[in-house]
Structures are given as C-alpha cells and as structure tokens.
Amino acid sequence: MTRIFDQENKFMAFMYRMTDLFLLNVLWIVTSLPVITLGASTTALYTVVYKMRKNEESYIARSYFKAFRENFRQGTALWLIILGSGGLLYFDMYITAITGIEGKEMLSIVFLIAAVLFLLVVPYVFPVLARFDTTVIQILKIATYLSLRHIYYTLPVLAIILVPVIIILSYLYFLPVFLIISVSGSAYLTAYFFQKIYTKYQREE
C-alpha cells in the first residue's frame, strides 16, 4: 500500500508533478491579474519550472514569490516594452492597411517581417530573464540572438505557447484547461528547449 504513494512510483510521480503545475498555474493567474505584473509573474513561473525540470524544487509557492519579488522591476520593464512595441506595431499595420499611403505594399512587408520577428523573440524574453542576471537591454539582445540562432527550437516553442491559446479562444469550453494547467504546462514543456540551448553554451564555455 505504501508503494502506491511512493514518489518513485511513476504514476504518483506524475500526479505530484501535475499537482505542482496546477499550483504554479494558479499562482501565475493570481499574480498576473493586475496585468502590469505579467512580466514578473512569467519570469517567476520559468524560474520554478527550470528547477522542477532538474528536480530541485520542493517549495513551489516559496520559490515562486521569491523569484517574483527579485524580478519584479526588470520583468515589469520588459513587459511594458513588449506591450508598447506590440501595440505600436499593430497600430502601424492597421493604419497602413486602411489608408492609401504611398508605398503601402512595401510598408506592409516591412511591418509583416517586424511582426514575425516580434513573435519569435517575445517567448524568449522572460525565460532568459529567469536564467540570466543582467540588464534589460542585454536580456532583449540575448532573447533576439537565441530565438534566431536556434530557430529549430523557436518554432516548437512558439507552437506550444500559441496552440493552447488558439484552442481556448476558439472553443471557450476549454477555458477550464487554462485555469488548471495550460500556462504552467506550456512553460514546463518549453523549458525543455530553453534548457537544451543553455546547456549547449555551458558546454562551449
């Protein structure tokens, strides 16, 4: 009977991990509700899932709030940069689409390329902040470099993040999945790719 609840039992290990991800998902949702804190909460999320993947984490909530506090300033600054640049890019694309401005086709191509680059880089920003202790500008540089240098990892990362969002937005009855494990589950899966990238550079060093 005791073997059933033994963490070395594969089924129980899986259930313990799912419980941790559920708690992590709830913490992320609650701390992201003010919206402006989304950068700090996502950084804290990745800080914990990195540890979970290495089996180094026992106290989910304690580690989460510690990382949230430590990365609040930079996480918020990066989130505001992403929000502002994304909003500006959308506005420029919208204005270009509805007006008859000269060179409209060329501008549309430029903005489309910028939008693709934006989508490729953003998923790396907070995972990089969770891993590296450096300036906001350096975080953006590292995120841009890694996302383009390792495009073969970036594409599955983007798919893991976007597919659940698209499904939930298209079929609202999947909303409970978002509340249960969607965000933390995506972070846990994408952390696999990020850690493979970091390991590559650690070996080179």
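Could you tell me whether region 168-179 includes any residue that is in contact (Cβ under 8 Å) with a residue 12 or more places away in the chain, within 26 Å of A77 (Cα to Cα) and within 15 Å of the chain's Cα centre (by Cα)?
Yes, there is a match, as at least one residue in region 168-179 is in contact (Cβ under 8 Å) with a residue 12 or more places away in the chain, within 26 Å of A77 (Cα to Cα) and within 15 Å of the chain's Cα centre (by Cα).
For the condition in a helix (DSSP H, G or I) and exposed (fewer than 11 other Cβ atoms within 10 Å of the Cβ), what is the one hit in F14, F65?
Of F14, F65, the one residue that is in a helix (DSSP H, G or I) and exposed (fewer than 11 other Cβ atoms within 10 Å of the Cβ) is F14.
Going by the conditions given, is I197 under 17 Å from the mean Cα position of the chain (by Cα), in a helix (DSSP H, G or I) and among the hydrophobic types (A, V, I, L, M, F, W, C)?
Yes, satisfied.
Answer yes or no: is there a residue in region 179-187 that is in a loop (DSSP other than H, G, I, E, B) and either under 25 Å from T31 (Cβ atoms) or open to solvent by 50 Å² or more (accessible area, probe 1.4 Å) (or both).
No: zero hits.
From the list I101, I109, I81, I139, pick out the single residue that is β-branched (V, I, T), in a helix (DSSP H, G or I) and at pLDDT below 95.
After ruling out the rest, the residue left standing is I109.
Mind telling me which of the residues P156, P164 ends up being buried (at least 17 other Cβ atoms within 10 Å of the Cβ) and either under 17 Å from the mean Cα position of the chain (by Cα) or among the charged types (D, E, K, R) (or both)?
Every option except P164 fails the conditions.
Pick from L129, L88, L83: which is of a type in the set (A, V, I, L, M) and touching a residue at least 24 places away in the same chain (Cβ under 8 Å)?
Answer to the check: L129.
Does I113 count as exposed (fewer than 13 other Cβ atoms within 10 Å of the Cβ), more than 17 Å from T43 (Cα to Cα) and in contact (Cβ under 8 Å) with a residue 12 or more places away in the chain?
no
Would you call S182 touching a residue at least 60 places away in the same chain (Cβ under 8 Å), closer than 26 Å to A115 by Cβ and among the hydroxyl-bearing types (S, T, Y)?
Taking the combined requirement at face value, the residue satisfies it.
Let me spell it out: the conditions are (1) open to solvent by less than 40 Å² (accessible area, probe 1.4 Å); (2) more than 26 Å from L21 (Cβ to Cβ); (3) aromatic (F, W, Y), and Y94 meets all of them except one. Which number is the exception?
(1)
Specify which of the listed residues (L129, L120, L146) is touching a Gly at 6+ places or on another chain (Cβ under 8 Å) and crowded, with 18+ Cβ neighbours inside 10 Å.
Result: L129 is the single residue among L129, L120, L146 that is touching a Gly at 6+ places or on another chain (Cβ under 8 Å) and crowded, with 18+ Cβ neighbours inside 10 Å.
Matching residues to (1) polar (S, T, N, Q); (2) touching a Ser or Thr at 6+ places or on another chain (Cβ under 9 Å); (3) open to solvent by 80 Å² or more (accessible area, probe 1.4 Å):
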| site | (1), (2), (3) |
| --- | --- |
| V26 | no, yes, no |
| G39 | no, yes, no |
| T43 | yes, no, no |
| Y46 | no, yes, no |
| V49 | no, yes, no |
| I82 | no, no, no |
| L107 | no, yes, no |
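The values are calculated or read from the model by the stated rules, or taken from the named source; none is laboratory data. These figures come from a predicted structure and were not determined experimentally. So basically every Cβ, Gly included, is an ideal-geometry build from the backbone, and we count neighbours across all protein chains shown. Accessible surface is based on the protein model in full, side chains and every heavy atom, while ligands, DNA and RNA are left aside. Shrake-Rupley method; radii C 1.70, N 1.55, O 1.52, S 1.80 Å.
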